[in-house]
Amino acid sequence: MNIGAEAPIDQVAVRANEDVEGENPPNEEVRPRNEDAPAPAPEEEDGSQENQRPENENAAPEEDDGNEENHQPQNEDAAPAAEEDDANEENQQQRPVPPPVDRSIDLTNQERQWARTIKAAIESCPDLDKLSDFEYCQLAIIDQGNVGAAVDRAVSLQGFRQEYDIPNTLEDALVALRNHVLLMPQLFLFFDYNHSSGGYTLIEDMRGCDLQILRTEKGWKTHVAGLYYMLHAMGPDFHSIRTGITYVFECDRFSLASNLDFKITKKVCTDVFCVYPFTTHKLNFFHTGLFANMLISSCRTVLPKSIASKFHVGCVFPDGRLSQFYNTPDPQTAMERTIGNMQKSVRRRYAMQAAFQVDCTNHM
């Protein structure tokens, strides 16, 4: 049995308490560090120096008229030096500061070559839509250079987007993610980047899963579109894609009749999880009894081996249900924080897609 530490609570939970407004981006290192730093105000200092100089010039004749000529050359020499210092300081402030290198989008030489080969293969198929260079690299990382598997996945993804009418745009992603969370507002407890794993973590309360909603056509399409864009949000850079996603499920008071349907679970896996290029870091199931352990373990039979091997059942959080920990300061605020974190991450994903070029050494 795994005690508490199996959950990514060490990092994600701390951020849940700190980022009440959901303002902090998942990866702050991609931003220049000096964006929010207050700029110095040399104008006020220069103004004070200019005001002081006339006082010195007027004061010298009053104190010693005979020494006025001796004092003037010294002041003339000092003034240009002060002006030169001010000019140097102003130039340093105006000089652009290069942004830090974003290592989260680094590629190995092998991955880059795989991506080029996959790109050539997909773009040689007249019936396939062209993808972004970022997406070619994502296929290369997940399929490890298997060109045939990558092409098949691209075919399946294109058919999936056509079937569910998913335009694959940022504007649609922002709306779909919000609708996805609002569809079952008690399901999602938290979403954020987890520094301890190096990937993204999604925490769900299985008691909030409403099968009646998923059995309707509108609810099902809303759920599937949200899953697609949520996977986008959990892979905004190559480092996160390599690391994989950590799923955490609260299973206390989980009901088989209300919260689990094998048919729906299998369809989600075949339509979404078996098609989308991603990997799983870990799946942790908390507060599961003996029956739930057996039930969840049986779900492995409909999942790819790469996912089924990551299951960890019987995890325990000693302080109670995870919802008590993550729904802070209240469930509504926590839900908006989750939506905000998803939307910020998916914005980063589409920015990467637009800017990244596989043949460019300077990616961004």
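The values are calculated or read from the model by the stated rules, or taken from the named source; none is laboratory data. This one's a predicted model, so the numbers in the text were calculated from it and none came from an experiment. Every residue, glycine among them, receives a Cβ derived from its backbone with ideal geometry; neighbour counts consider all protein chains shown. Surface accessibility is based on the protein's heavy atoms, side chains included, excluding ligands, DNA and RNA. Shrake-Rupley method; radii C 1.70, N 1.55, O 1.52, S 1.80 Å.
General observations
- Residue that is nearest to the chain's Cα centre (by Cα), among those in the range 188-213 that are among the aliphatic types (A, V, I, L, M) and either at pLDDT 95 or above or open to solvent by 10 Å² or more (accessible area, probe 1.4 Å) (or both): Leu202
- For the range 127-164, taking the residues that are among the acidic types (Asp, Glu) and outside any helix (DSSP H, G or I), the one that is farthest from His223 (Cα to Cα) is identified as Asp127.
- So Val147, is it over 30 Å from Gln332 (Cα atoms), open to solvent by less than 70 Å² (accessible area, probe 1.4 Å) and touching a helix residue (DSSP H, G or I) at 6+ places or on another chain (Cβ under 8 Å): yes
- Applying the criterion of being assigned to a helix (DSSP H, G or I) and open to solvent by 40 Å² or more (accessible area, probe 1.4 Å) to the residues of the range 298-328, the residue that is nearest to Arg207 (Cα to Cα) is Gln324.
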